[in-house]
Amino acid sequence: MINNKKKLRIGIVGLGRVATATHIPVLKLLEDVEITACAEKNKERIHRVKEFLNMQNVFDDYKEMYKSKLVDAVYICVPTHIHHDATISALQSGLHVLCEKPMGRTVEEAVEMSLLAKKNNLILMPGFKYRYNDNLQHAAQIISSGLLGNIIQVEATFMTPGPYISWDPKSEWYLEKKHGGVVYDIGVHIIETVNLLIPNKINHIYAYSSQGYHEYDTPTNVSCSFKMEGGITGNVIFGWRSSIDFTRVSVFGTGGAIVVGLKSFDYFNAGTDPKDRIYSHIRNSFTEAKTVTKRIFSIIKGSEVSINDLEQAKAFVNSIRDGSAPPVSGENAVNVHKVLRAIEDSIQTKKEITI
Ligand SMILES: NC(=O)c1ccc[n+]([C@@H]2O[C@H](COP(=O)([O-])OP(=O)(O)OC[C@H]3O[C@@H](n4cnc5c(N)ncnc54)[C@H](O)[C@@H]3O)[C@@H](O)[C@H]2O)c1
């Protein structure tokens, strides 16, 4: 546990897009935290960030930063195939870790990371920022309360323009096979969101894919059908190359339905009683109003970046300070990885995969 009177000293590994546009501005909003060091191997980025962060302690090797005794915890923001090494070394050095998604590149890597954190009594939190989205949390509460009755079917969508198009500077590593392509960039978010809403494990999956960037040997768009424990069936589509960012999950139960997105929420009560309908309208407006208020507040505070990342940072810091379990754990990441591997296997074998 960290002395509560002292500021928590955080180090950032990888000073690319997500670190500089999201995590650093977010961490600067937390009064009990300071960014005391960074590690980055690209000299140009080091130069740029040194000026903008006014940061003297910038290492070109993250292991040197871990040894420096300048940090208590680290954010891992490097390309995906480095997540495992950067996290394992940090945990071996006694540092708490927030590892950007996906937490490692394979099931085995995620298991090793998760076990080591437990063994060394350190916090390891995967960067599953949508866990902290109000609408998704509210939907998860309604579903677990039984208000939707028995869940029958799910439909989930997560589309983005893709890192190659929207990112600046361009990070072509996203498209290389060793990083897992869209399955590990976007699939990870929507499978984690489905897991948050419905805890039943996905145990059968069949996936189709298409390849939109023909010079790269990695899928860009994926559609899957799946079955969960308890007989729930579902479809999930995710991909790059969309003209818009779009996230939506529809959950249908015997007692009602929810259609939820990052900024939208609809709850449909099965009751025919007009009172039930009025009640669900009030509930929907309340959830929308809460999201809008939080958003306005974040704009005023100058952190339009993302309320989800702010809540994620607070959760990480709180877990380190009071030693409590983080809201999302290494085991959650392992479960997501099992589904991602099944998606990859199904694309490759053109067969249904049992998990
Ligand atoms: N949670 C989210 O919604 C979200 C959003 C964006 C990115 N991410 C994740 O964050 C990670 C980084 O993504 P990004 O878009 O910022 O990538 P990026 O390419 O913009 O940045 C990666 C940085 O890491 C540096 N780097 C590479 N190898 C290094 C090493 N060995 N030591 C130190 N630095 C090294 C690169 O030079 C670069 O500056 C990825 O895993 C990605 O999946 C998550």
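Nothing in this text is a laboratory measurement; each read-out follows from the coordinates by a stated rule. None of these values were measured; they are calculated from a predicted model. Here the Cβ is made from the backbone with ideal geometry for all residues, glycine too, and neighbour counts use every protein chain on show.
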For the range 8-129, take N as its residue count and report Rg(C-alpha) divided by 2.2 N^0.38 Å. 0.98
How much net charge surrounds ALA140 when only other residues with a Cβ under 13 Å from its Cβ are counted (Lys, Arg +1; Asp, Glu -1)? -1
Cα-based helix-to-principal-axis angle, 307-322 vs the chain, degrees rounded to 10: 60 degrees
Please give the per residue volume of the convex hull enclosing the alpha carbon atoms of the chain, rounded to a whole number of Å³. 140 Å³
Only Lys, Arg (+1) and Asp, Glu (-1) charged, at Cβ; the range 8-129 dipole about Cα centre in debye: 100 debye
Treating the angle as unsigned and between 0 and 90°, give the value, to the nearest 10°, between the Cα long axis of helix 43-53 and the longest Cα principal axis of the chain. 80 degrees
Leading residue at positive end of dipole, the chain (Cβ point charges), from ILE152, HIS189, SER210: HIS189
Magnitude of the charge dipole, the chain, Cβ model with Lys/Arg +1 and Asp/Glu -1, debye to 20: 600 debye
GLU176 to ILE282: FRET efficiency via 1/(1 + (r/R0)^6), r the Cβ-Cβ distance, R0 51 Å, to the nearest 0.05? 0.55
Let me have the 222 nm mean residue ellipticity of the chain computed from DSSP H runs of 4+ only, each contributing -39500 (n - 2.57), with the sum over all residues rounded to the nearest 500. -12000 deg cm²/dmol
In whole Hz, with x marking every Gly and Pro, tabulate ³J(HN,Hα) for the range 349-355 from phi via Karplus 6.51 cos²θ - 1.76 cosθ + 1.60, θ = phi - 60°. 8, 6, 10, 6, 10, 9, 9
In the chain the DSSP beta bridges are antiparallel at a rate, in percent to nearest 5, of 55 percent
The chain: angle of helix 188-197 to the longest principal axis, Cα-based, in degrees nearest 10: 50 degrees
Viscosity 1.002 mPa s, temperature 20 °C: what is the translational diffusion coefficient of the range 140-265 from Stokes-Einstein with a Kirkwood Rh over Cα pairs, rounded to a whole number of µm²/s? 139 µm²/s
